[in-house]
Structures are given as structure tokens and as C-alpha cells.
Amino acid sequence: MTMTGSEARILFVDQSGELGGAELALLPIAVRYRERCAVVLLQDGPFRERLEAAGVTVHLLVNAGVSKVRKTGAALAALRAIGPVLSQVRALAKLARDYDAIFVNTQKAFVLGTMTRLFIRRPVIWFLHDIMSREHFGGLQRRIVRTLAPFADATIVNSKAAADALAELTGRRDRVVDIAYNGIDPAPFDLTVNTQHRAIRAALGVPTDAWCVGLFSRLAHWKGQHVLIDAVAQLLVDEHDAFERRPVGGVRDRGHAPSARSGRVSEIHVVLVGAPLFGEDEYAARLHEQIARLGLEPRIHFAGFQNDVAAWMAAMDVVVHTSIAPEPFGRVVVEGMLAGKPIIAARAGGVMEIVDDGQTGLLTGPGDARALASALGVLRRDPDYATSLANAGRDMARRRFSEAAYIERVEAALARAIEHAPARERAVPGRV
Ligand code: UDP
């Protein structure tokens, strides 16, 4: 039986109900297959609503015992989860009877997906959206992934950085791993109109002519919002010192700088778009303390989670990415480019496969607030350079990160896995 990817009936599994990068990456694929697929979520949340609104069937398999096992979870918690996991596996296997393949999109989903083999034979396609390094994961989680990796019938990763980290973990560089860079639809980024920017700025209390730095990431320590706050404090000091040294006149109010070209004075403001999605509330509290300590309250705005990232990006002058650990891919970097904004990103992981430093954006060392301050200063003083980076970034992002190319790659990996699966592993309608 020859079956193309799009004809296959796929059961997608994702552990989260939140709108994280992995879930947003799954969305266009699930929509592509919506006639014959369903998505199983291990948690309820806005991701379910987004899927259902797009016409995708969703099954919830929520089990509190499984949800408690976290990214760096201890062995004891994992042991306690065995019973609940098995009952979830059984439920998943039952659902999987009606599908040709199981497509697992997160770590817990991968564990459940491979365990369904105890009950039913279906090819398992694993989409890994993580860098499996010690920086990101605990020892137990890494051991589980190392043990299970060979059981995936196809492995897709979202960057070469993710592929390399997986190869290092498994010690197998010879395994076939497909790299599918996320593709992002540019349409919402093209559509945003000026009135929206004004409304967004007005709602936050950001002056229309302020120089606005946007950071679009869930609030989590490794996403490095604290680095941006330190960088802005540093930039304000740098600018203040520069103006103090000016022989005549000069603006002495901290935070105001004339642009090199126009001499116009603009205030620096920062907008943090995103929420603590995966239990990082304590980090959010620490950010508020840091801001208060530095006396930056009037300039730093917490916007919370926003659905319309394109409109929010349009309201910024620059989009930054500040992760202190290697980013598996970095959708926000591509989105900032599609929004036509100059971007500054942290030089590590998948981001280095997106940004050509000095051509399509600027890269600074992860966690290096001083370097970020000087990159911000460069863009602030030289709007022409900022515009040329933004234009080159937008052209490149449209070419290299199209949604069509992304779906095609995932589809090819799916088709291959289904094609190579033994005949008994495929669902035959009416005979399962
Ligand atoms: N995002 C969003 N609303 C927010 C903050 C972020 O929709 O308030 C989106 C962002 O536009 C991006 C995704 O969340 O598409 C984050 O993906 P990324 O690869 O940057 O990081 P991840 O969350 O996967 O670590």
C-alpha cells in the first residue's frame, strides 16, 4: 500500500494545553491533516481551544498522576506515576486503533507513544522540539529519552542544534533524523496596521515616539528576561555618560537620547510579552524585584500572554531574544524578522541557523547584558543600519521559513515512516 503523508490518518499527541513553541509548531500540521487526524492532549488549555477553532478534533487524556512528573523530575515522582501512565497508555492505544500512525510532539507524549507498542503496533513519529542537554534536562529525563529514542520509527527535530544534542545523548550519529525548521505564515505580519500600534502603546502607557524594545517569550529564567533588564539599565548609564561628556548642551535626563540622524529625543521602553506558562511564577516575581531595584518601573511593561504577536511586534522598534541556554529553534526570532523589525538574538543553538550576524540581525553572547546593551545602542544610534538589517531579515525569513516548506518536510518524514512500517502496523479499516 502506498500512502502519501496527507492521506494518512494521524493521531497527534502533545502533553501541553498551553501555547508554547512546540504546540504552535504542531498547529499548522494538525490543520493540514484535520480531515483525518485527531490531537490527544494530556492537559487542557488554550491550545485545545485554538485547535478546535481551526476544526481539529481534540481528545483530552488528563491524568494528574502523570502531569506531576516535571522536566527535571525526581525518580520517586516517576515511580509513583507508573500506574497512571499505564492507564493513559491503554487509553491512547485504544484511540490509536483508528489511525495509521502516532505522532508525538513532546517528551511525555513520546514516552506514552512508544509504550503503546505494548498494546498496539503503530509507527511512532517523534517530533523533538528540545535540546537534550544537561542545561535543559535532568539526568532521569535524559536517560529515558536515550533509552526510547531507537524505538521511534521516524525522528524529526526543529534544528541542527537539536539534532546534534540528540546524537550526543544517544551516541548515534548514524541515525536518520529529519530537520524541519518551523515555518511561519507571514500573512498576519503583513496585515498589521498603524492604528493597532498606537492602541497597543497607549494601553501600556508607552509614548508613541518612545524607542520600544520587545521581548516575546514565556517568562522563564532560561529565556533571560533579566538579561534584557540589566542591558537596558546599562544602556541608560552609557547614554547618560555619553551626554555628560558632550561639550555643549546635551540631554541630561537618563533614558533620553537623540538619534544620530535626527537629533530627536526618545525614551527607551521595554515590553515583555509572555506569561510564566510552565510554573515559573517565582521568576516573574524576581523580575519585578530586579526592576524595582534598578528604578526601572516606568520603562518596563509586562504585557502578559498575547495571541496576536504580529500586532504586538509591529508596535516595537526592535525585537530581542535573550535566552541564556541554547534555544532549540527560536520561533520568535523568525517572527521578529517577518514583522520587519531589526532583531538582536542570543548566539547559541538553533538561533545561529537563523541569523547571519551583521546581515540579517545581530547576535550577542547568551547572558551578556553588556554586549546586549551595546548592540541596542548601535541600533538606536543608527536607524538606517537597523532598517537595512530588518529588511534583509524579512526577505530571508520569508524565503527560508515558509509554512509550505515546513509542512512538506514533516509530511515527507511521515510518509516514509508509514511506508516503511510493517503491514501489520497499519490500521486497516474494519479489521482492527
Ligand atoms: N508567543 C505567543 N504569545 C506570547 C509569547 C509568545 O504567542 O505572549 C509565541 C511566540 O510568538 C512563538 C512561541 O510563543 O511563536 C514561542 O516559541 P519559541 O520557539 O520562541 O520558544 P518556546 O516557547 O518554544 O521555547
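The values are calculated or read from the model by the stated rules, or taken from the named source; none is laboratory data. Quantities reported herein were computed from a predicted structural model and do not represent experimental measurements. No Cβ is skipped: glycine too gets one built from the backbone with ideal geometry, and neighbour counts run over all protein chains shown.
Within the stretch 303-359, restricting attention to residues that are small (Gly, Ala, Ser) and in a loop (DSSP other than H, G, I, E, B), the residue that is farthest from the ligand (Cβ to nearest atom) is 358.
Right, residue 344: modelled with pLDDT of 95 or more and closer than 25 Å to residue 388 by Cβ or not? So that I can check it myself, show each step before the final result.
On the way: modelled with pLDDT of 95 or more: yes; closer than 25 Å to residue 388 by Cβ: yes.
Yes: the conditions hold for residue 344.
Identify the single condition in (1) over 20 Å from residue 406 (Cα atoms); (2) more than 16 Å from the ligand (Cβ to nearest atom); (3) β-branched (Val, Ile, Thr) that residue 213 does not satisfy, given that it satisfies every other one. That leaves (2) as the condition not met. Would you say residue 125 is within 16 Å of the ligand (Cβ to nearest atom), surrounded by 14 or more Cβ atoms within 10 Å (Cβ to Cβ) and in contact (Cβ under 8 Å) with a residue 60 or more places away in the chain? No: the conditions fail for residue 125. Look at (1) under 21 Å from residue 103 (Cα atoms); (2) away from the ligand (no atom under 16 Å from the Cβ); (3) out of contact with any Ser or Thr (no Cβ under 6 Å at 6 or more places or on another chain) and you find that residue 139 fails only one, number (1). Restricting the search to the stretch 26-57, which residues are in contact with a helix residue (DSSP H, G or I) (Cβ under 7 Å, 6 or more places away or on another chain) and within 14 Å of the ligand (Cβ to nearest atom)? 27, 28, 47, 50 - these are the residues of the stretch 26-57 that are in contact with a helix residue (DSSP H, G or I) (Cβ under 7 Å, 6 or more places away or on another chain) and within 14 Å of the ligand (Cβ to nearest atom). Just wondering, is there one or more residues in the stretch 369-377 that are crowded, with 18+ Cβ neighbours inside 10 Å and more than 18 Å from residue 270 (Cα to Cα)? Within the stretch 369-377, none of the residues are crowded, with 18+ Cβ neighbours inside 10 Å and more than 18 Å from residue 270 (Cα to Cα). Taking the conditions exactly as written (among the charged types (D, E, K, R), crowded, with 18+ Cβ neighbours inside 10 Å, modelled with pLDDT of 95 or more and within 15 Å of the ligand (Cβ to nearest atom)), does residue 23 satisfy them or not? Taking the combined requirement at face value, the residue satisfies it.
Table: residues versus (1) at pLDDT 95 or above; (2) in a strand (DSSP E or B); (3) more than 30 Å from residue 289 (Cβ to Cβ).
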| residue | (1), (2), (3) |
| --- | --- |
| 164 | yes, no, yes |
| 168 | yes, no, yes |
| 182 | yes, no, yes |
| 189 | no, no, yes |
| 198 | no, no, yes |
| 212 | yes, yes, no |
| 235 | yes, no, no |
| 243 | no, no, no |
| 253 | no, no, no |
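Please work out if residue 137 is closer than 28 Å to residue 343 by Cβ and outside any helix (DSSP H, G or I). Yes: the conditions hold for residue 137. Inspect all residues belonging to the stretch 409-428 and state whether any of them is at pLDDT 95 or above and not in a helix (DSSP H, G or I). Scanning the stretch 409-428 turns up no residue that is at pLDDT 95 or above and not in a helix (DSSP H, G or I). Does at least one position in the stretch 290-301 carry a residue that is within 14 Å of the ligand (Cβ to nearest atom), hydrophobic (A, V, I, L, M, F, W, C) and modelled with pLDDT of 95 or more? No: zero hits.
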